[in-house]
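Peer 1: Got a structure here, written out as structure tokens. Questions coming.
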Amino acid sequence: MVFNQNSKTIGIGLIGSGFMGKAHALAFRSVGGVFPVFAQPRLEILADRTAEMADIAAIALGFARSTADWQALVSDPAVDVVSITTPNSQHAPMALAALAAGKHVYCEKPLSTSLQDAKAMRDAAQRAGLVTVVGFNYLRNPMIHTIRDIIEHGEIGDIIGFTGHYVAGFMGQREGSYSWRMHPDEAGGALADIGSHLISMSRFLLGDITEVIASLDTIYPTRTSADGQEHTVDIDDQVAILARYRNRPFTATLDISWIATGREMGLSFEITGTKGAVKFTQERLNEVQIFKANQPSNRSGFTTLTAGPAYSPYGAFCPGPGHQLGFNDLKTIEVKGLIDAIEGTAPSPTSFAEAFETAVVMEAVKHSSVERRWVQVSDFS
């Protein structure tokens, strides 16, 4: 279905009402108040696992209707966009059904838990000619775009190094931590769950990854569920990757862990150039640290760039520098990109095709860990 551009609204169907479901709902509700958009999102219907859960969430998040049947949501004629915020293994069947029904799709990352499903999703989107967006919302940060501009304009010279991390501690306790996230076919481990963000971030800044060698480690081979029962676990808790990028002369390091005790949101990186360097951490998402060579010895060091209206689209949220954007603001920027893509005024910020390239890198990482060798990413595309 091609969206009617003469309409004043765009119908939203949201599947899932947890952390990310709420983030999507808030973004849909906020976008028209922050940005000029050709059509205001209309919160039409919310689906969840039970009718009761869906009803409660629909009322809380402002949806007109609710259902326990996601397939009914997908086929509903009032829905123009299907927003998917379910566990990772459910992304593929829901997205494929939505595309088959002629609906645009806004899906959380990773694209899927298997490369085969990810490819099917990419191919279906290309055949349908519909807009798809994958929720790599950290890429929507205006400070990340500033870093890419710094790189592309040669402000820190030729890039000669990248060290990236996504370390968090939310799965750091063995006791009581067993859940759906412990199943490879449900979540995909630390690599897919959080590492996909780091891989997509590095690709955004540096370009295509061509070759990897990696190690996936299961630190807790057993975990207990909330009722105290022991469960065997065969899923990665930590990942160490060496990566090479097209037309880059260096080997990058990427470090991923969801058992990093004491860390909360450790998505960070440092990029070294021949004339300087930049540093960033998501825990201080409104700042970029930049160093430029040839400074006087008594003035040498990193300088802090602070987010403000000069870094678009910050100014759409606030006219004052240093007042800061937050996580949900990045989601609002992402939804603006979705609406612009539907209107045809801009490409998708992160389409299924782009997210598939991240999935291919993850597949190469997994094979490298098993085979204990460097592998070519192109072998899996």
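Bear in mind that the values in this text are calculations on the coordinates, not laboratory data. In this text, all values refer to a predicted model and were calculated from it rather than measured experimentally. All Cβ positions, glycine included, derive from the backbone under ideal geometry; neighbour counts span all protein chains shown.
Peer 1: To make sure I understand, if each residue's beta carbon is the centre and we count other beta carbons within 10 Å, what order do Cys318, Cys107 fall in, fewest to most?
Peer 2: Numbers: Cys318 16, Cys107 28.
Ascending Cβ contact count within 10 Å gives the list Cys318, Cys107.
Peer 1: Mind checking segment 90-178 for GluC sites (Glu not before Pro) that DSSP puts in a loop (not H, G, I, E or B) and that have at most 13 other Cβ atoms within 10 Å? Working shown, then result.
Peer 2: Values: sites: Glu108, Glu152, Glu155, Glu175; in loops: Glu108, Glu155, Glu175.
Taking segment 90-178 and a limit of 13 other Cβ atoms within 10 Å, the loop GluC sites (Glu not before Pro) found are Glu175.
Peer 1: Residue farthest toward the positive end of the dipole of the chain, with Cβ of Lys/Arg at +1 and Asp/Glu at -1: which of Phe136, Thr303, Phe280?
Peer 2: Value computed over the given set: Thr303.
Peer 1: Quick one: compute the contact order of the chain, relative version, from alpha carbon pairs under 8 angstrom and 6+ residues apart, as a percent.
Peer 2: In percent, rounded to a whole number, it is 18.
Peer 1: Also, I was wondering about something else. Take the Cα of Phe19, step 7 Å along the line toward its Cβ, and report every residue of segment 273-307 whose backbone nitrogen sits under 18 Å from that point.
Peer 2: Label zone hits: 282-285.
Peer 1: If you don't mind, there's one more thing I want to ask. If we count every other residue with Cβ under 13 angstrom of Gly102's Cβ, Lys/Arg +1 and Asp/Glu -1, where does the sum land?
Peer 2: Numbers: positive: Lys103, Arg127; negative: Asp76, Asp80.
Net charge in that neighbourhood comes out at 0.
Peer 1: For the chain, with the dipole built from +1 on Lys and Arg beta-carbon atoms and -1 on Asp and Glu ones, taken about the Cα centre, which of Thr67, Gly195, Val34 lies farthest toward the positive end?
Peer 2: Of the listed residues, the answer is Val34.
Peer 1: For Kirkwood radius over Cα pairs in Å, which listed value, [x] 20.1; [y] 21.7; [z] 22.3, comes from the coordinates shown?
Peer 2: Matching entry in [x] 20.1; [y] 21.7; [z] 22.3: [y].
Peer 1: Same structure again: If you place +1 on the Cβ of every Lys and Arg, -1 on the Cβ of every Asp and Glu, and leave all else neutral, what size is the dipole of segment 140-286 about its Cα centre, to the nearest 20 Debye?
Peer 2: Values: 13 positive and 20 negative charges, 116 e Å.
I would put it at about 560 debye.
Peer 1: May I pose another question? Taking the highest mean first, how do the peptides 370-379, 11-20, 263-272, 53-62 order by number of other beta carbon atoms within 10 angstrom per residue?
Peer 2: Working: 370-379: 12.9, 11-20: 22.4, 263-272: 19.1, 53-62: 17.3.
Going from most to least packed, we get 11-20, 263-272, 53-62, 370-379.
Peer 1: Which whole-number percentage describes the relative contact order of segment 9-137, with Cα contacts under 8 Å and a sequence gap of 6 or more? Please report the intermediate quantities before stating the final value.
Peer 2: On the way: 245 pairs, mean separation 29.4, N = 129.
Rounded, it is 23 percent for segment 9-137.
Peer 1: Still on this structure, please answer the following. Find how much the distance from Ala51 to Ala310 grows on full extension, using 0.36 nm per residue of separation minus their present alpha carbon separation; answer in nm with one decimal.
Peer 2: Here the segment from Ala51 to Ala310 would lengthen by 88.6 nm.
Peer 1: Go through 156-165, 219-228 and give me the packing order, highest mean Cβ count within 10 Å leading. Can you show the working numbers first?
Peer 2: Details: 156-165: 18.0, 219-228: 13.3.
Those peptides, ordered most packed to least, come out 156-165, 219-228.
Peer 1: Whole percent per 10 Å bin, from 0 to the bin with the longest distance: what is P(r) over all C-alpha pairs of segment 9-137?
Peer 2: 14, 48, 33, 6
Peer 1: Note down the magnitude of the dipole of segment 9-137 about its Cα centre, charges +1 on Lys and Arg C-beta and -1 on Asp and Glu C-beta and zero elsewhere, to the nearest 20 debye.
Peer 2: On the way: 10 positive and 10 negative charges, 65 e Å.
Dipole size: approximately 320 debye.
Peer 1: What distance in nm separates the simple spin-label points at Asp158 and Thr303, each placed 7 Å from Cα in the Cβ direction?
Peer 2: It is 2.5 nm.
Peer 1: Under 8 Å for C-alpha pairs, at least 6 residues apart: give me the relative contact order for segment 288-346, rounded to a whole percent. Please report the intermediate quantities before stating the final value.
Peer 2: Working: 44 pairs, mean separation 12.2, N = 59.
Relative CO of segment 288-346 lands at 21 percent.
Peer 1: Next up: Taking the Cα centre of the chain as origin, sum charge times position over the Cβ atoms of Lys and Arg (+1) and Asp and Glu (-1), and report the length of that vector in debye to the nearest 20. The partial results should precede the final answer.
Peer 2: On the way: 31 positive and 40 negative charges, 191 e Å.
Dipole about the Cα centre, nearest 20: 920 debye.
Peer 1: Could you please state, rounded to a whole Å, how far the C-alpha centre of segment 93-121 is from the C-alpha centre of segment 319-365?
Peer 2: 16 Å
Peer 1: Would you mind checking the pairs Lys119/Lys331; Lys22/Lys366; Lys103/Lys331; Lys109/Lys366; Lys279/Lys336 and listing those with alpha carbons more than 22 angstrom apart? Numbers along the way, then the final one.
Peer 2: On the way: Lys119/Lys331 25 Å; Lys22/Lys366 32 Å; Lys103/Lys331 20 Å; Lys109/Lys366 18 Å; Lys279/Lys336 27 Å.
In this structure, Lys119/Lys331; Lys22/Lys366; Lys279/Lys336 exceed 22 Å between Cα atoms.
Peer 1: Okay, moving on. Using the Kyte-Doolittle scale, which helices in the chain average at least -1.0 and also have C-alpha atoms spread 24 Å or more along the helix axis, with helices defined as whole DSSP H runs? Don't jump to the answer; show the numbers that get you there.
Peer 2: Values: long enough: 327-343 (25 Å, 0.21); 352-371 (28 Å, 0.40).
Helices meeting the criterion: 327-343, 352-371.
Peer 1: Using C-alpha positions alone, give me the convex hull volume of segment 249-381 per residue in cubic angstrom. Before the final figure, lay out each step's value.
Peer 2: Numbers: hull volume 26.7 nm³, N = 133.
It is 200 Å³ per residue.
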